[in-house]
1. Which of (1) touching a Ser or Thr at 6+ places or on another chain (Cβ under 7 Å); (2) modelled with pLDDT of 85 or more is the odd one out, the single condition Phe41 does not satisfy?
2. Residues Arg64, Arg42: which one is farther than 22 Å from Phe105 by Cβ and in contact with a helix residue (DSSP H, G or I) (Cβ under 8 Å, 6 or more places away or on another chain)?
3. For segment 48-136, give me every one of the strands (runs of 3 or more DSSP E) that falls completely inside it and has 2 or more residues that are at pLDDT 90 or above.
4. Of all residues in segment 1-47, which are under 18 Å from Gly77 (Cβ atoms), hydroxyl-bearing (Ser, Thr, Tyr) and assigned to a loop (DSSP other than H, G, I, E, B)?
5. Just to be sure I understand, how many residues within segment 32-53 are surrounded by fewer than 21 Cβ atoms within 10 Å (Cβ to Cβ) and touching a Leu at 6+ places or on another chain (Cβ under 9 Å)?
Amino acid sequence: MSDVLIVLKSDVLRQSLGDLFLAENYGCVVAADGREAVEAFRTRHPQLLITDLHLGPEIIEQVRQEDEDVAVIIVSGSPIQQGVIATLKRSAYYLMTPCDPEELFLIVERALERRQLLIERRWCQEHHGDASRPAALP
């Protein structure tokens, strides 16, 4: 299973999501602020970051310097806002709370699949040239 870093302002939501991921056999670490989050990210190198609108943009920028392919899910209790749109354009998923665990894990699967595709694409580009072009036929 993948490791998940949960960085949320809400203690209750942070702990609830942490417990939910642990119950689903994910490696999980929680952080209350950006400093803790970046330190945990550098230590654990999780594949997935879950954060909120308040902490998100700063943390996303910092962890993407460590791993440009990290999967990101932004959670919020309010409808999408302009600031979120800019963040979503940087390849993050968005989820409103409260959410159904099935919906959460569906989005988690999508985010992790996208991460894996980005990694595979980069590997192909490095080892076989431009992965966006079909290979020449013999």
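1. All conditions pass for Phe41, except number (1).
2. Details: Arg64 fails: in contact with a helix residue (DSSP H, G or I) (Cβ under 8 Å, 6 or more places away or on another chain).
The conditions single out Arg42.
3. Values: elements: 48-52, 71-76, 93-96.
Hits in segment 48-136: 48-52, 71-76.
4. Hit for segment 1-47 is Ser10, nothing else.
5. To start, the set of residues in segment 32-53 that are surrounded by fewer than 21 Cβ atoms within 10 Å (Cβ to Cβ) comprises 32-36, 38-40, 42-45, 52-53.
Still in the running and touching a Leu at 6+ places or on another chain (Cβ under 9 Å): 32-34, 40, 44, 52.
The qualifying residues number 6.
The values are calculated or read from the model by the stated rules, or taken from the named source; none is laboratory data. Note that the structure is a prediction, hence the values are computed from the model and not measured. Virtual Cβ from ideal backbone geometry, glycine too; neighbours counted across all protein chains shown.
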